[in-house]
Amino acid sequence: MYFDVSPKTKKEDLFGISYLTASLVQYINDYSIRVIIIRGLRRTGKTSLLNVSLNEIKQKHIKIDVRESPYYDRKEFIAYIIERIKAEIGETLFQKILKRVTGVKLSYKDIGTTFYFELEKNFITFFENLNKELKKKNQIIVIAFDEVQLLNKINFDYIIASIYDNYKNIKLILTGSEIGLIDRFLGKEDAKAPLFGRALIEIETKRLTGEQISQFLIEGFNQINRKISLNETKEAIESFDGIIGWATHYGWLRSKNIPHNEAILKVIEEGSELVKRELNNFLVNRKKATYLKLLKWILLGYNRWMLLKNQFIKDRKKISDRQLNLYLKELIDYSFIEKINETYLITDPLLIRALTK
């Protein structure tokens, strides 16, 4: 059902990105492609695309939601990944691989094997032996990391680069909604970065057009045996600006017999609180007043670099060109704004609502 607010897992529940699913499945099945990137703004369907595509393939696979893992510590995080691999490949093969890895302490219990790696370098030996076993069986394993930019702080890009360079039977999928941060993780502008220069395939989820949102709502309402009027559709298009996550939330509320006006208002109120929390988390340990001024000036139409610089001058606030560029880059990196043809725009219509409160 289109209006299920959980990330989708079945192809028939996806709207408008079946071509992306087909492309992603094709890339996964292409042995020569080692790393695939799924990028896009928040709430544009990245996780759903990943889930559905993984369910469409025959290869062994695991999905790591980085937000729900110990991503603050590299050693703990890799141990967490290996636990997930163990669950996918089975206890027998897992024990066979571990016996070839030095520096591993094992204890055997009725429920299986508990392991502990003494040194971080032994993790790489594990992946080496996993790759050997997969190669013998002419198999691959797909490891997908959802919101991979959170791993920037633990230098996990070195592990990704090592797997890329050495273990051809391990394929990686990386997703990220904080555009600049995932670019930083991939080392796109840093020749010294571990992943710089690697051949990567990228897929991007985007906002839907007004026509697509209209079609999504009409088809979604048909699925729940309801009708949506033309005026209601127009209001939804204006309110959600092509973000399918908000349109889905609206449809779900309507499926629970919430009237149109109340459903629109509820999405706006709840969504505004959510994006406000995301913004507040970003502002921790940053110059909150300066970032909020920038966002509000952009909202008011001072949305080009010189216009923003002049606003600081009018406000009698000293700011260097370098500082202004840094503030704007940070907002772009975390996907609160985007830059199109030298114009800065706020990415989420409900962030606009939150800022105008």
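The values are calculated or read from the model by the stated rules, or taken from the named source; none is laboratory data. As the structure is a computational prediction, the values presented were derived from the model and not from experiment. FYI the Cβ positions are ideal-geometry reconstructions off the backbone, even for glycines, and counts take in every protein chain you see.
State whether one or more residues within the range 163-185 are in contact with a Gly (Cβ under 6 Å, 6 or more places away or on another chain) and at pLDDT below 90. Yes, the conditions are met somewhere in the range 163-185.
Going by the conditions given, is ARG304 surrounded by fewer than 17 Cβ atoms within 10 Å (Cβ to Cβ) and touching a Ser or Thr at 6+ places or on another chain (Cβ under 9 Å)? It is true that ARG304 is surrounded by fewer than 17 Cβ atoms within 10 Å (Cβ to Cβ) and touching a Ser or Thr at 6+ places or on another chain (Cβ under 9 Å).
Listed by position, the helices (runs of 4 or more DSSP H) contained in the range 301-357 that have at least 3 residues being touching a residue at least 40 places away in the same chain (Cβ under 8 Å), over 25 Å from VAL267 (Cβ atoms) and out of contact with any strand residue (DSSP E or B) (no Cβ under 9 Å at 6 or more places or on another chain) are 321-333. Taken together, the criteria place LEU41 among residues that are at pLDDT below 95, farther than 15 Å from PHE145 by Cβ and surrounded by 14 or more Cβ atoms within 10 Å (Cβ to Cβ). Where strands (runs of 3 or more DSSP E) sit wholly within the range 112-202, those with at least 2 residues that are in the same structural domain as THR47 (by TED's automatic domain parsing) and surrounded by 20 or more Cβ atoms within 10 Å (Cβ to Cβ) occupy 141-146, 170-176. Could you check, for the range 93-104, whether at least one of its residues is modelled with pLDDT of 90 or more and outside any strand (DSSP E or B)? Yes - at least one qualifying residue is present in the range 93-104.
Might you let me know whether the range 63-72 holds any residue that is part of a helix (DSSP H, G or I), within 19 Å of SER6 (Cβ to Cβ) and touching a residue at least 60 places away in the same chain (Cβ under 8 Å)? Yes. Residues that are of a type in the set (A, V, I, L, M, F, W, C) and modelled with pLDDT of 95 or more are absent from the range 11-18 altogether.
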